[in-house]
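Please read the structure below before turning to the comments.
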Amino acid sequence: MREGGLDAREQALVAVAREAGALARELFSRPIEIKLKGKQDYVTAADGEVERMIVGRLKQRFPRDAFLGEEGGAEGSGDALWVIDPIDGTANFANRMPHFCVSIAFMSGGELALGAISAPMYGELYRARLGRGAFLNDRAMRVADTDIAHAVIELGWSARRPTRAYTAMVERVLATGATFQRAGSGALGLAYVADGRTHGYCELHINSWDTLAGLLMVGEAGGWTNDFLAGDGLARGNAVLACAPGLKEALVAATGVGQANENLKRRMS
Ligand code: LIP
């Protein structure tokens, strides 16, 4: 895509992410309708309202672009694609916990080019552009390298994978000497790795709308990420691992995520 096209989309992305964050914050203060889409898979009326606002704004500016949203699904086709999670951390949002965000990514020709995450209860706006770095409220972000004995690793959970697979992964990560946490928002979990607050994020299955903006931020902040988009990760989701580069070996071994790509690379080298 021409630079001009990306410059315009970057400006629109930041403005729309900020506006969507403000709407989510306002809806957080109101009683809302809550449903379960599946086991422990929350959806609220706010998710739909915020997503419709985001798609409406972006469609006005870029009528030929395509969209993939958690609530609205896929719309349109072509090389310019917006991937949207209107409220990531919906279980937190639905239970009055402020740890949630809006996550929007833009892909051009199948390549991740732009990402923004708005965490309105914290007054935080994260953004990244391929080859141009990652920022939190305009401060440059860098992953924090540390040794495994000091490492804080977030391990996301959902009912999409067997509980035994998750608890076994927790045991293996703890056996490395690291500690773990689960905060309920994959997008914020990845943004925290990019900002050096935590040292790794892993989840055995997560969706592209939860992860793409955060993965771009980790890469632009000097971190390592697995090949999430391999095997149709965009449409079907995938396992994700993102971390400080010095922890890659230990975490690939402990989580088993990214092993395939490493073996592939080893075979190809
Ligand atoms: C959530 C993810 C989280 C995962 C949850 C859920 P949502 O996304 O951010 O990492 O563990 O199962 O997928 O549903 O709040 O957008």
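Coordinate-derived values only; no laboratory data. In this text the structure is predicted, and so the values were computed from the model without any measurement. Cβ atoms come from the backbone with ideal geometry, glycine included; neighbour counts cover every protein chain shown.
What's the extension gain from E75 to T179 if we count 0.36 nm per residue and subtract their Cα-Cα distance?
33.4 nm
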Residue span M1 to I32: 0.36 nm per residue of separation minus Cα-Cα distance leaves a gain in nm of 7.2 nm
Whole-number value, in Å³ per residue, for the convex hull of the alpha carbons of the chain is 123
Roughly how many nanometres apart are two label points built 7 Å out from the Cα toward the Cβ at A15 and A159?
-> 4.2
Compare D147, D88, D210 in a GNM of the chain, Cα atoms joined below 10 Å, and give the one with the largest fluctuation.
-> D147
The distance between the Cα centres of segment 223-256 and segment 145-222, in whole Å, is 9
What value, in deg cm²/dmol to 500, does the helix sum -39500 (n - 2.57) over DSSP H runs of n ≥ 4 give at 222 nm once divided by the residues of the chain?
-> -12000 deg cm²/dmol
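Between beta-carbons, use under 15 Å as the cut-off and find the net charge around M121, counting Lys and Arg +1, Asp and Glu -1.
That works out to +1.
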Please work out how much length the chain gains when fully extended from A140 to N95, using 0.36 nm per residue of separation minus the C-alpha to C-alpha distance, in nm with one decimal.
-> 13.0 nm
Between H150 and H205, what is the label-to-label distance in nm when each label sits 7 Å out along the Cα-to-Cβ direction?
-> 3.7
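After finding the eigenvalues of the alpha carbon gyration tensor for segment 69-172, what semi-axes result from the square roots of 5 times each, listed largest first in whole Å? Provide the component values of the computation, followed by the final result.
Values: eigenvalues 132, 88, 59 Å².
Working from the Cα gyration tensor, I get semi-axes of 26, 21, 17 Å.
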If you build a Gaussian network model of the chain, linking Cα atoms that sit under 10 Å apart, which residue out of V143, V173, V240 swings the most?
-> V173
Under 12 Å from the Cβ of F228, count the other residues' Cβ atoms, weight Lys and Arg +1, Asp and Glu -1, and hand me the total.
-> -3
In the neighborhood of G156, defined by Cβ-to-Cβ distances under 14 Å, what is the net charge if each Lys or Arg adds +1 and each Asp or Glu adds -1?
-> -3
